[in-house]
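What follows is a short report on a single structure.
The values are calculated or read from the model by the stated rules, or taken from the named source; none is laboratory data. These numbers come from a predicted model, not from an experiment. Note that each Cβ is placed from the backbone with ideal geometry, even for glycine, and that neighbours are counted across all protein chains shown.
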Amino acid sequence: METWPTLAWVLLLSLIADWLKHAQSRDFTVKDIIYLHPSTTPYPGGFKCFTCENAVDNYECNRWAPDFYCPRETRYCFTHHIMNLSGESVAVTKRCVPHEDCSYTGCKESKHEALKICTSCCEGTICNLAVPRNTTDAVFATTSPINNKTERHPPPVTLVVLALCLSWLLIT
């Protein structure tokens, strides 16, 4: 019996199995996000975040996240990821938040519950695609300075008085 037909079938089946593995991936790509979330905004600076509350894992959160723009008073996408100590997801929460809700980012371990909790914030449309799994991922990532409210302070009184005195001297 010839081995070529058998070998050809084995190679064909392994190729199909490899294709099915990629076709049934449980993660989103940037291409998927662009297709699912068009870029038109209802107001200047409008953005979207993946939004879910206590989803089983990141895939379920992103898969069922409602396609709404964040409220105007928010500016960042927040992600709270709870894992068991072996790294498997227990719960994922994502939402739009104001700056105040991003005061703590990072990871901590809860020894008595055997859980690891990582929190991150990011700025930009659908920037919370992935979940933080370690201190490298659990950061506050911004594209602009955090305090972008430029406050104009009046010049000190001594400078004003000095300027008036110089003006008076030049006039006289």
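Mind checking which residues of the stretch 75-97 are modelled with pLDDT under 95 and either surrounded by 17 or more Cβ atoms within 10 Å (Cβ to Cβ) or of a type in the set (A, V, I, L, M, F, W, C) (or both)?
Residues satisfying the conditions are Arg75, Leu85.
Would you tally the residues in the stretch 74-98 being aromatic (Phe, Trp, Tyr) and closer than 19 Å to Trp64 by Cα? Show your work before the answer.
Filtering the stretch 74-98 for residues aromatic (Phe, Trp, Tyr) gives 76, 78.
Still in the running and closer than 19 Å to Trp64 by Cα: 78.
Residues that pass the stated criteria total 1.
In the stretch 50-68, which residue that is assigned to a loop (DSSP other than H, G, I, E, B) and modelled with pLDDT under 95 is surrounded by the fewest Cβ atoms within 10 Å (Cβ to Cβ)? Outline the logic, then answer.
Start the filter on the stretch 50-68 by keeping residues that are assigned to a loop (DSSP other than H, G, I, E, B), which leaves 50-51, 56-57, 65-68.
Checking the rest, the ones that are also modelled with pLDDT under 95 come to 65-68.
Details: Ala65: 20, Pro66: 8, Asp67: 11, Phe68: 11.
Among residues in the stretch 50-68 that are assigned to a loop (DSSP other than H, G, I, E, B) and modelled with pLDDT under 95, the one surrounded by the fewest Cβ atoms within 10 Å (Cβ to Cβ) is Pro66.
So, in the stretch 106-131, of the ones that are among the hydroxyl-bearing types (Ser, Thr, Tyr) and modelled with pLDDT of 95 or more, which residue ends up surrounded by the fewest Cβ atoms within 10 Å (Cβ to Cβ)? I'd like the intermediate steps shown before the answer.
Of all residues in the stretch 106-131, those among the hydroxyl-bearing types (Ser, Thr, Tyr) come to 110, 119-120, 125.
Those still in the list that are modelled with pLDDT of 95 or more too: 119-120.
Numbers: Thr119: 22, Ser120: 26.
That would be Thr119.
When you go through (1) out of contact with any Cys (no Cβ under 6 Å at 6 or more places or on another chain); (2) in contact (Cβ under 8 Å) with a residue 12 or more places away in the chain; (3) not basic (Lys, Arg); (4) not in a loop (DSSP other than H, G, I, E, B) one by one for Gly124, which number turns out not to apply?
(4)
Here are the criteria: (1) under 20 Å from Thr136 (Cβ atoms); (2) in contact (Cβ under 8 Å) with a residue 12 or more places away in the chain. Tell me which single one Gly46 does not satisfy.
Every condition holds for Gly46 apart from (1).
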